[in-house]
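Since the structure comes first, as structure tokens, the remarks are kept for the end.
Taken together, the values in this text are just the output of simple stated rules run on the coordinates, not laboratory data. Nothing here was measured: the structure is a model prediction, and the numbers come from that model. Note: ideal-geometry Cβ built from the backbone for every residue, glycine included; neighbour counts use all protein chains shown.
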Number of protein chains: 4
Amino acid sequence: MPRSFIFPHLAQFAAAMAGRRTAAVSVLVVALGLSGMIVLTVDPAYVTSHRWVEAGLWTCVAFFAVEWLARLVRAKRARHGLAYALSGHGLADAVAALAVPLAMAGGVDSRSAWLFGVVWLFKLVPEVSGLRRLRRVLVLESGPLLSVLVLFLMLLVFASVALYALERNVQPAVFGSLPSTLWWAVVTLTTVGYGDVVPVTPLGRLVAAMVMVCGLGVFGLWTGILATGFATETRRDNFLKTWNSVSKVPFFASLGPAAIADVTHVLRTMDLPAHTMIVRKGQPGDCMYFIAAGEVEVDLPGKKVRLREGGFFGEMALLGNRERSANITTTQLSRLLVLDLVDFHVLMSRHPDLAETIEGEAKRRTLENS
Amino acid sequence: MPRSFIFPHLAQFAAAMAGRRTAAVSVLVVALGLSGMIVLTVDPAYVTSHRWVEAGLWTCVAFFAVEWLARLVRAKRARHGLAYALSGHGLADAVAALAVPLAMAGGVDSRSAWLFGVVWLFKLVPEVSGLRRLRRVLVLESGPLLSVLVLFLMLLVFASVALYALERNVQPAVFGSLPSTLWWAVVTLTTVGYGDVVPVTPLGRLVAAMVMVCGLGVFGLWTGILATGFATETRRDNFLKTWNSVSKVPFFASLGPAAIADVTHVLRTMDLPAHTMIVRKGQPGDCMYFIAAGEVEVDLPGKKVRLREGGFFGEMALLGNRERSANITTTQLSRLLVLDLVDFHVLMSRHPDLAETIEGEAKRRTLENS
Amino acid sequence: MPRSFIFPHLAQFAAAMAGRRTAAVSVLVVALGLSGMIVLTVDPAYVTSHRWVEAGLWTCVAFFAVEWLARLVRAKRARHGLAYALSGHGLADAVAALAVPLAMAGGVDSRSAWLFGVVWLFKLVPEVSGLRRLRRVLVLESGPLLSVLVLFLMLLVFASVALYALERNVQPAVFGSLPSTLWWAVVTLTTVGYGDVVPVTPLGRLVAAMVMVCGLGVFGLWTGILATGFATETRRDNFLKTWNSVSKVPFFASLGPAAIADVTHVLRTMDLPAHTMIVRKGQPGDCMYFIAAGEVEVDLPGKKVRLREGGFFGEMALLGNRERSANITTTQLSRLLVLDLVDFHVLMSRHPDLAETIEGEAKRRTLENS
Amino acid sequence: MPRSFIFPHLAQFAAAMAGRRTAAVSVLVVALGLSGMIVLTVDPAYVTSHRWVEAGLWTCVAFFAVEWLARLVRAKRARHGLAYALSGHGLADAVAALAVPLAMAGGVDSRSAWLFGVVWLFKLVPEVSGLRRLRRVLVLESGPLLSVLVLFLMLLVFASVALYALERNVQPAVFGSLPSTLWWAVVTLTTVGYGDVVPVTPLGRLVAAMVMVCGLGVFGLWTGILATGFATETRRDNFLKTWNSVSKVPFFASLGPAAIADVTHVLRTMDLPAHTMIVRKGQPGDCMYFIAAGEVEVDLPGKKVRLREGGFFGEMALLGNRERSANITTTQLSRLLVLDLVDFHVLMSRHPDLAETIEGEAKRRTLENS
């Protein structure tokens, strides 16, 4: 078994999980800092307790500064100090550490200066795991999205000029200039509709009604584009994530590349911490699992069996017996590949040899445990 | 014919239908209870009739208590009493029975205590059949959905700080603290737009306009993710539901596994109560039916023919004659598999033997009836 | 050539087009009637001209009555009088003819009685061609849609009870009873947000903010379900519409059933009135056309060639020459099948014999015209 | 190598890029003109600086007039003067040049006449690249979209008549006539919800709540249709754009038509200006590139290698080595075809010969550079 191959993979995976703990601390400090910032703007809270809150905020700023410097030093040792300092990550760290002190040094009064703490939010950007996918969707679909935006802006200007012409004499206070009318148009086309500026003439209302219906259309196009782009990206992401794991499971490694691509299309990866129950005895089952990294323990009557990388379990559910026959728990941080009943049947019909292997193993296990 | 195989299946299916009647009573009692609760909060109604309403509400509570105890006893006899008591279902039953009495015992005044009746709604959760699918979508797409939520929260904080800085001097009453401004931001980004808090400075309005457009974007992403996830789940659910039935129709059982997977992909299951007309004579037809469980009666001129599990009908519609030639009605609770004209042609081109069987049977029937 | 086969098809198609003209008159009368009804509710207009308007409305009612009776008589002659009278179409006709007179006979004052004219809208239902598809989507996806609706109602009740408990003491006028609070919840969850009822306590606003975000989620699910269902239905409808036409084009009739299914999947039908220009000389072309019914005229230099049912044109665009080389116009009501460049290449790679036929014909034509 | 074939292609492509610069000037002038128009409607700005602004606006008008005349002359020389003058493009140019002067000549006062400058927006239509795709979606899905619109209008009329009947006696000022009530219905069904007209009777609110929920449904259908249509169009557009480029890469030209269609389905085109870095050393890579037009420079240690039309690079990323091994930059305006890791594996499993060529070339390069 390609152990030497899997260990670095697992190590890297464990490092990622450990990194999460550091990230959690960072997120917590940002959350505390922002809460403090919000409290400071509330008058009674400010009067009674601004000293304590400000002390807490200064602690947050100190934490950010120390974190930034530590990372700078570490990056310098690894000989990419400048690269880190100019990367998005490094700039976010720098801005988080410096924004408030610089604002105070620049003469902004203490209470307003804390508002610059909003830049701490940038530190969260790398923690949002799905953000990269969202960005890819926005980049790939930027053409149509920009078209819809331009369409929206054109509609905005047309609506404003029309309403300005129709309403300015009746309501000079709110429709008295194009900028005010543009405000009305934005509020209406985004379907926010505050109601602070409302047309009153019959013709103005007719035009406004048409503008609202067009607003729905723009909205629908916008959503349609994003939905289409998102569906494509999701498929792509799942494939990439699974591909790496599949090729490391010995069970699949014997298949040709065409079969591996087929398999990858239907598997789903799942990362589980240690001591998590994956399968509960007696529950209905509709999928089976392959172990890409880690280890699980099968709680059979009278004995406990451990399955390691490359093993699989839960195949009974796909072979007719829909009730799980044992509890199965992870013993360590594990990555599993999940195969749904649906995809199992499609897959098996195309790769009969795979089906035979799984059925053979299932029979062997049944005999052994009975 | 595998009769012995189909009977338990039908029995289980009939049990499910019978279970529905009990569920309907439960839903009715919950609806009555909630109506009573609503009536109690209306002042004139309370004064004139609170005795009668409260009597009704106590009846509902009694019903829930009895139901809970009965289920506890039944579960205990089947030796999984604790499992039921701690399951979501059991907890919902317990809370529904105990919430209001406990609140009253805890000293809450009678009129407020009835408000706790809102927990009765939890009893409806298992009755909502599609809820499991919705939950699966939310779980599987939780990554991107959380990303969008974080994006939304970040946008919220940025918008609030900007508007607070721009508007607090002009409208100290409504933009005077960050919590108030956050309220504005939520109301605006969700496009609710009450209009109770509205920016008035030109710069504030410009920023607000950009926030609204971003709000549309977040909304579109949200919808796109859910739409993508839902499409995937729907395909999966239909496949699972049909797979079980298909493999029980003798007609398909002779096919290989690849063909069965193909067939399953294009069939749709349909459960019909007894004495329902499926096909009306003279109407245009665009699908044929296979009987997975139950029985139907074909009303031919002069005689009535009964078709049982494994039979099929309506195939004329797919073989050129688009007008239905007889009324067909269920004689008992039946499960049918529907094959659309579209999919029929695709399927037939891939499995010519299936086509021959169907055409042969169709010819035989035409000869017999002419 | 199967001429005798195509003629009835064309006749039926022409009848459909003629039927449209009758429908247009019906739609026009309904539109006039509704306009009159609207005018009657405007006070100054009523005073000055209600006699003329009412005369017009009576004419509309008379038209509906005559139409209904004529259809009843015709249906009776064709021996399905009762079927028509009880069909949706027949009932809509009856209601349109009788609603206003019955209301007046029943003692409703004249001005209010005309409001019953709103039922005339039912006469439009059969004219909305896509309505059948929408209904199929709603029926097939009714399970998940109902689940979302129940989810929405549960959210509504929870939100109302929470806000009622939090706000009733501060704003007894608007949050003083559950029905009033339910009104707030509906207005908020649908993102309408009138602003007539707005929470003011900090806790109430916090709960309201969470309700709004949940509202977006419900909205997204709703849209996702409808989008998924609609995509499926659209594919199905196009297939059915094209299938009939494809099997009538001799060019395709020689193909086996598998190839016909393939072809049907990629063709699009298009109905054109007489004397419409289909292809303009010199314009870039990215599709070719097959004639399923009707006739076209190719305007070649020096001569005019006519192509009839079963012919095809525009194939040069798909064989490398992207610029159209002649004007092509319909000479009569025609149904064309459009083959896109995209699909052409996919199709040709699977059915090389089809490709050879088209290329051979294209070469023959090029030689002939050069 | 088919150089003579690629040069005209590249020339045409370069011309398109040059044309963009002219377009940018046009967009800038339109933006300036519209800004001036907006400034003129603001009272204090008008008083202090309307002379300067009007001077600027006249310059814009002069620019449009000159542009229009220049294009007319050029078109006349190319012998399609009338075609240009009557095309959408020509009419937009004409209207942009003439609207304001004609309005002034027609006696409109100067300040109002400038409002006609809104027609300048039409000049932007051809610049919005995605607009053609949006229009195709709207045309192809016009059937269902119209159905939903009719559904929306029917709902509008029903809701208005119901609310008019229920609220007119309580709120005669705002629900006193059907046109006013229609205004309420539009504002509510589009979820804008200004709050200027709000039902107050319990029954009116009940009906309004149902109308709002229906509004969500209409909205969902609308979005679903647009999303479906957009997904189809996007696939089609990408295919067409890529098809032309693929058939010009010698690497693919040796494949049969079936394989080319396969390849086209998975490639994405990308246009890059000169001196753009495509691949950065050390970054993770998940795609490879084919050069359809232009030239790139690979920055290997000690030497620089240039790759021209028909070449490919980045294949190491797909063959196991996920880190880019060199910087690669364009030397001139280039069009690249991008092959994702996902699609690479699928493609390779179907066309093993393609895989061998790429792997052979990759080995040769590795040997050469080591």
Q | Relative contact order %, region C:250-369, counting alpha carbon pairs below 8 Å whose residues are six or more apart | A | 33 percent
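Express the Stokes-Einstein translational diffusion coefficient of region C:72-137 in µm² s⁻¹, to the nearest whole number, given a Kirkwood radius over alpha-carbon pairs, 25 °C and a viscosity of 0.890 mPa s. Mind showing how you got there, number by number?
Values: Rh = 13.5 Å.
Diffusion coefficient, whole number: 181 µm²/s.
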Q: Working from Cα positions, state the angle (0 to 90°, nearest 10) between the long axis of helix B:257-266 and the longest principal axis of chain B.
A: 60 degrees
Q: Mind listing the label-point distances from B:Ser49 to the same position on all other copies, shortest first, one decimal in nm, points 7 Å along Cα→Cβ?
A: 4.9, 4.9, 6.9
Q. If you add up the charges near A:Thr366, with Lys and Arg at +1 and Asp and Glu at -1, over every other residue whose beta carbon is less than 13 angstrom from its beta carbon, what do you get?
A. -1
Q. In the Gaussian network model of chain C, springs joining C-alpha atoms below 10 Å, which of C:Val213, C:Val30, C:Val61 carries the largest mean-square fluctuation?
A. C:Val213
Q: List the residues whose amide H sits under 5 Å from the amide H of B:Thr331, counting only those 5 or more places along or on another chain, with H placed 1.01 Å from N in the peptide plane.
A: B:His275, B:Glu295, B:Val296, B:Glu297
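Taking 8 Å as the Cα distance limit and 6 or more residues as the minimum spacing, I'd like the relative contact order of chain C as a percentage.
Numbers: 425 pairs, mean separation 42.4, N = 370.
Normalised by residue count, the contact order of chain C is 11 percent.
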Q) Kirkwood Rh over Cα pairs of region A:250-369 into Stokes-Einstein at 4 °C, 1.567 mPa s: D in µm²/s? A) 89 µm²/s
(Q) Between A:Gly90, A:Gly360, A:Gly107, where does the largest GNM mean-square fluctuation fall for chain A, given springs only between Cα atoms within less than 10 Å? (A) A:Gly107
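Cα convex hull of region D:152-195: how many Å³ per residue? Before the final figure, lay out the partial values.
Numbers: hull volume 2.5 nm³, N = 44.
Normalising the Cα hull of region D:152-195 by residue number yields 57 Å³.
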Q: On each of the three principal axes of the Cα atoms of region A:38-194, give max minus min coordinate, whole Å, ordered largest first.
A: 66, 48, 26
Q. In region D:106-150, what is the volume of the convex hull around the alpha carbon atoms, normalised per residue and reported in Å³?
A. 131 Å³
Q. Of B:Arg308, B:Arg350, B:Arg168, which is the most mobile in a GNM of chain B whose springs link Cα atoms less than 10 angstrom apart?
A. B:Arg168
Q.
What are the ³J(HN,Hα) couplings of region D:326-334, residue after residue, when phi is run through the Karplus curve with 6.51, -1.76, 1.60 and θ = phi - 60°? Round to Hz, x for glycine and proline.
A. 7, 7, 10, 10, 6, 9, 8, 3, 9
Q: Starting from one equal scatterer on each C-alpha and no solvent at all, send me the Debye-based log10 I(q)/I(0) for region D:22-108 at q = 0.12, 0.16, 0.19, 0.22 Å⁻¹, two decimals.
A: -0.43, -0.70, -0.91, -1.09
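Of the lysine pairs in chain D, how many meet both conditions: Cα atoms under 21 Å apart, and a spacing of 8 or more in sequence or different chains? Don't jump to the answer; show the numbers that get you there.
On the way: D:Lys76/D:Lys123; D:Lys281/D:Lys303; D:Lys281/D:Lys304; D:Lys281/D:Lys363; D:Lys303/D:Lys363; D:Lys304/D:Lys363.
For chain D, qualifying lysine pairs total 6.
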**Q.** Calculated label separations, C:Leu82, copies of the chain, 7 Å along the beta-carbon direction, nm
**A.** 6.7, 6.7, 9.5
Q. Dipole of the protein assembly as shown (Lys/Arg Cβ +1, Asp/Glu Cβ -1, origin at the Cα centre): which of C:Val197, D:Phe313, D:His80 lies farthest to the positive side?
A. D:Phe313
Q. Over the protein assembly as shown, what number does the Rg to Rh ratio reach, with both radii from the alpha-carbon atoms and Rh per Kirkwood?
A. 0.95
(Q) Measuring nothing but label to label, 7 Å from Cα along Cα→Cβ, what are B:Gly302's distances to the other copies in nm, shortest first? (A) 6.9, 6.9, 9.7
Q. Given the C-alpha centroids of region B:270-321 and region B:205-219, what is the distance between them in whole angstrom?
A. 55 Å
Q | Residue-wise HN-Hα coupling along region B:268-275, computed from phi with Karplus coefficients 6.51, -1.76, 1.60 (Hz; x: Gly, Pro) | A | 10, 8, 8, 9, 10, x, 5, 6
Q | region A:139-236: relative contact order as a whole-number percent, Cα under 8 Å and 6+ apart | A | 33 percent
Q: Report the percentage of all Cα-Cα pairs in chain C whose separation exceeds 37 Å, rounded to a whole percent.
A: 52 percent
Q: Just report the Cα centroid separation between region C:342-360 and region B:39-54, whole Å.
A: 77 Å
**Q.** Spacing of the two label points (7 Å from each Cα toward its C-beta) at A:Val170 and A:Ser110, in nm
**A.** 5.4 nm
Q: Determine the distance separating the Cα centre of region A:177-199 from the Cα centre of region A:96-147; give it in Å without decimals.
A: 28 Å
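Can you compute the equivalent ellipsoid semi-axes for region C:139-237, i.e. the square root of 5 times each eigenvalue of the Cα gyration tensor, sorted largest first and rounded to whole Å?
Details: eigenvalues 218, 27, 20 Å².
Three semi-axes, in Å: 33, 12, 10.
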